[in-house]
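Working notes, beginning with the structure itself.
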Amino acid sequence: MAAPAPPSLPQNPSLPPRPASGSISAATVSAAPELRDFKKESIAFVPSTLKRKRPGAVAGSTSKVNAAPSLGPPSGTEEPEAVPAARPDLLSALRDQFGTAPVREAKTEGAKSKSDYENTKDWRRHKPECKLLSTVGLDRQEGYPFTVKAVLFPVDGDTPRIIDVHYKLRQTPDGSNPHILQHIPDFGPWLGSSKPRPASIQKDGLNGRPLGRSLLLVCDDSFQHNGSAPNTSIQRIIGEGGHKSKWAGHVLGFREREPAVMIAQLDDIKLEDVEVFKKYFREGHIGRHILNMSNYPELPVGFDWAADLLAAVPARR
């Protein structure tokens, strides 16, 4: 006996009729296989300027993708896009006409050569001198308008100290070098009307090493017999067991610019220069030159250029 059919819901009159059960079982869905290129699909929205092969592509690469088949050649025959010729400019035209500029040697950032440092320092010293010469002139300078650092060994002091000494400019007496102006110091505040007595020092002691520079020691030329008071600061430097040198009056120490034989100009004193003067006092020298003649083989022995620096100092009354 056949089983009774399962109950079903009543048919809705607004819906289309149900298909027969046999037609549903016979329906079949089929599709042909399709090979997809996912790499090609991933770059479908990349701009065409980025899809073209660049001249600097890696050698040996065999993968080629024609991302714009409607614009480029067919796959397998793609060629690099021709680069348009560069437009001529003014710089390239001048380079073809005059050649390339010489290559300058690069300097390490933050490092300066000795010549750069000396030129900068020299300009700082010359700047006020050049300003006066361009505005007033050499013949109309008033008094001693410039200053230089010197060391003073005071007559009644305990220790030497750095001071400012005023100076003025003057052309060389013989006019041999009109482009170099000499420095003429004002010794009046320390030596009064007395004649200055210079001594050049170019070695660290009588038998010491050459300094590579020139120092100038200036004192009263007649301090040994004019009743000047003894210099207590120098006597303290010499000490109890040193030479019994009878220094008197104020004594000044300067640093000269090189070559001192050609120019008579002063430079700011340094602390190492003060130590050289102290050794000079301890060795018992008074007004004696200590020269390094190996630097000046053309000069006769006994040549005194330090006196030329003081030749134009006016005597004070």
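The values are calculated or read from the model by the stated rules, or taken from the named source; none is laboratory data. Predicted model only: the values in this text are computed from it and were never measured. No Cβ is skipped: glycine too gets one built from the backbone with ideal geometry, and neighbour counts run over all protein chains shown.
A few remarks follow.
Here is a yes/no grid of residues against (1) part of a strand (DSSP E or B); (2) in contact (Cβ under 8 Å) with a residue 40 or more places away in the chain; (3) out of contact with any helix residue (DSSP H, G or I) (no Cβ under 8 Å at 6 or more places or on another chain):
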| site | (1), (2), (3) |
| --- | --- |
| SER193 | no, yes, yes |
| ALA199 | yes, yes, no |
| GLY205 | no, yes, no |
| GLY208 | no, yes, no |
| GLY212 | yes, no, yes |
| VAL218 | yes, yes, no |
| ASN226 | no, no, yes |
| GLN235 | no, no, yes |
| GLY253 | yes, yes, no |
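- Hits in the stretch 128-147 (condition: among the charged types (D, E, K, R) and either in a loop (DSSP other than H, G, I, E, B) or under 17 Å from HIS179 (Cβ atoms) (or both)): GLU129, ASP139, GLU142
- Whichever residue in the stretch 270-285 is in contact with a helix residue (DSSP H, G or I) (Cβ under 9 Å, 6 or more places away or on another chain) and buried (at least 19 other Cβ atoms within 10 Å of the Cβ) and, among such residues, is modelled with the highest pLDDT: PHE277
- Residues (at pLDDT below 90 and either of a type in the set (Phe, Trp, Tyr) or in contact with a His (Cβ under 7 Å, 6 or more places away or on another chain) (or both)) located in the stretch 192-246: PHE223
- Total residues in the stretch 158-191, condition outside any strand (DSSP E or B), surrounded by 13 or more Cβ atoms within 10 Å (Cβ to Cβ) and modelled with pLDDT under 85: 2
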